[in-house]
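Everything below concerns the one structure shown next.
The values are calculated or read from the model by the stated rules, or taken from the named source; none is laboratory data. Note that this is a predicted model, so its numbers are computed, not measured. Counting neighbours? That spans all protein chains shown, and the Cβs are built from the backbone with ideal geometry, glycine included.
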Amino acid sequence: MTELEIRNLHVLVNDKEIIRDFNLTIRQGEIHALMGPNGTGKSTLAYTIMGHPRYQITSGDVLIDGESILGLTPDERAHKGIFLAFQYPVSIPGVSLANFLRVALNARNKAVNPDDKGISVVKFRQLLKSKMDLLKMDYQFASRYLNEGFSGGEKKRAEILQMAVLEPRFAILDETDSGLDIDALRIVSEGVNTLAQGHIGVLVITHYQRMLNYITPDFVHIMYGGRIVESGKAELALRLEEQGYEWIREKYGVLPDGIHD
Amino acid sequence: MTDNHQDILQSIGSGDKYGFSYPDDSIFTSRKGLDEEVVRQISAYKEEPEWMLEFRLNAFRHFSKRPIPTWGADLSGLNLEEIIYYARPRQIDQKSWEDVPENIKNTFDRLGLPEAEQKYLAGVGAQYDSEMVYHNIQESLEKQGVIFLSIENGLKQHPDLFREHFASVVPFSDNTFAALNSAVWSGGSFVYVPKGVHVDLPLQAYFRLNMANIGQFERSLIIADEGAQVHYVEGCTAPLYRTESFHSGVIEIVVKKGARVRYTTIQNWSTNVYNLVTQRAVVEEDGTMEWVDANLGSKVTMKYPACFLKGPGAHGEVLSVAFAGPGQHQDAGAKMIHFAPNTSSKITSKSISRGNGRSSYRGLVRVASAAENSRSNVVCDALLLDHESRSDTYPTMDIKAKDVQIGHEATVSKIGEEQLFYLNSRGLSDEEATTMVVSGFIEPLVKELPMEYAVEMNKLIQIQMTGSVG
């Protein structure tokens, strides 16, 4: 079973340490929820795993099956099967969602198998439609320009559609629940459940319990001050829902300088 | 498009199905440089009527007095003394395939052009002729009364129609290079579409192979009579390889009452070429003129397609994209002159610069006092792919009329780190990601192109972007 391991990770952003000694191992097929108040470094962690150039790793490692991926560029990490559903996806005017996804799928397949000739347009359409059905999306949506003029909810749904088509081994969902109304949240969550089953190791980053009503995590972690301070099962999320983060602050003290959103 | 036309299209590039005929003309080439004697020789060689010789000579005298313009791109590298002003096109083409630079051959390969077509485009080797194709299409056009001839044959076969309109849109005094073209023009098309006739298929799309024969000083004249419609496509996305380094064409279009003309140019000159072109249309009442213009390649391009909106309700559009790579300056834009009431115009200009390339938008919107209730909208978008590249806009607005609506928007954008990271995170390399952003940027133009050109345009952008990210 493939695993993604984050080991003793320390990360600087603009010379401030945002992640300090973070440890987590996610196995393919497991769903982990990472919760915590604003500004504890959750999104920084997501970007760092994906390889954003602005984040500077001072020590620690990120490994897939024991092999470090820190020397890899973001596209190479994607080829290894890592996927990030963005909190704020950027728009690419003039490029349709369908066209973009076909290029991305072909790029990944070619990286995995240099002899890959690319998916035919017909086969790709079938694939895309089946994934859109799963997420109850209108087919016409695929011909819109990528994230251009999408509502908040449409962007999030489009992110999960991309995950569905690219079939990564590990997916980080960075606040995918924000911007979704309750129906969309249910549909997207069910989609994630179906896709993840046994195939994808998922890290769900969220402030709130509500997405976890639909996606039952195998593990819940609370991130505070740049590291995981509490880990448990689904009940931990319920406790947060009831009691908020106040008890965490009391237990682990005020945030050190430099940690903010 | 009928099946027959499809068959013809497909047969292009399929080999030697259609034999070619190579007219056994004597070969004439003028000496370097220009004087009255050379102008007389050109006219005599073409067996022109007296009025045309007079026109050429007047144009030459005018040209001799006019300075090379300095207001635009740097033309100091242009040596007019060294140019051969007239050579039979096929004689220029007596080169060997080995002389064609590797990068040009590679581009042909990557565009997937058959070898015969590659050689034809490069102007070498066995001529690859489309006489037969030409003939079939010509027949169906003739039935509709459409005239589609080389400009030389237009002058010979339709002298009155020709003389009535020739230089009526672009007089030789228009600008220095229009004067030069008027003196030495050779090659180009003559098109007349009769009243009410709609030509369904883009003209010239089938004859793109003939592009290898366009001259340095081509001149085209298109007349759409009342209510007529035609789309003329000039160019091809394959690089036009020329050993000579100067191209100065004139395109004149007459759009009569209620007529509609679209003129699409896609040019990818080799990077030694100075491409200085005058394109103008006169648009009469309720007529519509659309210039769709893609400029890639060349060392310097100066090109400002213009519409003279002469009749009430006339409409003009320019949709252009310029791609400036290393060492290139694309100085492109548009001119819209509103003379009559209720006229409207729209300019959409997109430029991409990379590797110290420079692109400029230079535009003029003039609304005369009589042109009440007119509208004009200008949108210029520039995309810079790196820090060395440059983009400028030089918009001029001269509004004399009342009750007009004028809009102007200009944006300059860089491909952002966040855009790149987003696409990277989906498995696209920097180069693939940049290419995708660029393709999206020019999508508004590409979707206006005939299918086969759109496909090639996208491939061409990919080629242009190769090695652009380092």
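In the range B:374-470, counting only helices (runs of 4 or more DSSP H) that sit wholly within it, the ones holding 2 or more residues that are within 13 Å of another protein chain (Cβ to nearest Cβ) and surrounded by fewer than 15 Cβ atoms within 10 Å (Cβ to Cβ) span B:417-424. Applying the set (1) over 20 Å from A:A164 (Cα atoms); (2) part of a loop (DSSP other than H, G, I, E, B) to A:M223 leaves exactly one unmet item: (2).
Checked against (1) assigned to a helix (DSSP H, G or I); (2) modelled with pLDDT of 60 or more, B:R90 passes all but condition (2).
Residues satisfying the criterion are absent from the range A:132-152 (criterion: touching a residue at least 24 places away in the same chain (Cβ under 8 Å), buried (at least 16 other Cβ atoms within 10 Å of the Cβ) and under 12 Å from the mean Cα position of the chain (by Cα)).
For the range B:49-67, the criterion of being touching a helix residue (DSSP H, G or I) at 6+ places or on another chain (Cβ under 9 Å), modelled with pLDDT under 90 and not basic (K, R) is satisfied by at least one residue.
Looking only at the range A:154-165, decide whether some residue is part of a helix (DSSP H, G or I), among the β-branched types (V, I, T) and under 28 Å from A:N23 (Cα atoms). The answer is yes; a qualifying residue exists. Note on the range B:223-255: residues that are surrounded by fewer than 21 Cβ atoms within 10 Å (Cβ to Cβ) and modelled with pLDDT of 95 or more total 4. Summed over the range A:58-72, residues that are touching a Leu at 6+ places or on another chain (Cβ under 6 Å) and within 14 Å of chain B (Cβ to nearest Cβ) total 0. Only one of the numbered conditions (1) surrounded by 16 or more Cβ atoms within 10 Å (Cβ to Cβ); (2) within 25 Å of A:R20 (Cβ to Cβ) is violated by A:I215, and that is (2). Report, by residue number, each residue of the range A:103-130 that is touching a residue at least 24 places away in the same chain (Cβ under 8 Å) and either within 14 Å of chain B (Cβ to nearest Cβ) or buried (at least 21 other Cβ atoms within 10 Å of the Cβ) (or both). Answer for the range A:103-130, where residues must be touching a residue at least 24 places away in the same chain (Cβ under 8 Å) and either within 14 Å of chain B (Cβ to nearest Cβ) or buried (at least 21 other Cβ atoms within 10 Å of the Cβ) (or both): A:A104, A:L105, A:A107, A:R108, A:A111, A:V112, A:L128. The condition of being of a type in the set (D, E) and within 17 Å of A:G226 (Cα to Cα) holds for A:E5. If the condition is being modelled with pLDDT of 95 or more, in a loop (DSSP other than H, G, I, E, B) and in contact with a strand residue (DSSP E or B) (Cβ under 6 Å, 6 or more places away or on another chain), then the range B:257-288 contributes B:A259, B:G287.
Residues checked against (1) without any contact (Cβ under 8 Å) to a residue 60 or more places away in the chain; (2) farther than 23 Å from A:G226 by Cβ:
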site	(1), (2)
A:D15	yes, no
A:D21	no, no
A:S43	no, no
A:I64	no, no
A:V90	yes, yes
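Within the range A:45-57, the set of residues being more than 10 Å from A:L84 (Cβ to Cβ), at pLDDT 95 or above and within 14 Å of chain B (Cβ to nearest Cβ) comprises A:T48 only. Being surrounded by fewer than 22 Cβ atoms within 10 Å (Cβ to Cβ), within 19 Å of A:T206 (Cα to Cα), away from chain B (no Cβ under 11 Å) and modelled with pLDDT under 95 holds for only one residue in A:Q87, A:Q28, and it is A:Q87. For beta carbons closer than 8 Å, sequence separation of 6+ or different chains, a first residue in the range A:164-187 that is away from every other protein chain (no Cβ under 12 Å) and crowded, with 17+ Cβ neighbours inside 10 Å and a second that is assigned to a loop (DSSP other than H, G, I, E, B) and of a type in the set (D, E), the qualifying pairs are A:L185/A:D177. Can A:V95 be described as within 13 Å of chain B (Cβ to nearest Cβ), surrounded by fewer than 18 Cβ atoms within 10 Å (Cβ to Cβ), more than 14 Å from the chain's Cα centre (by Cα) and touching a residue at least 24 places away in the same chain (Cβ under 8 Å)? Here the answer is no, as A:V95 does not meet what is asked.
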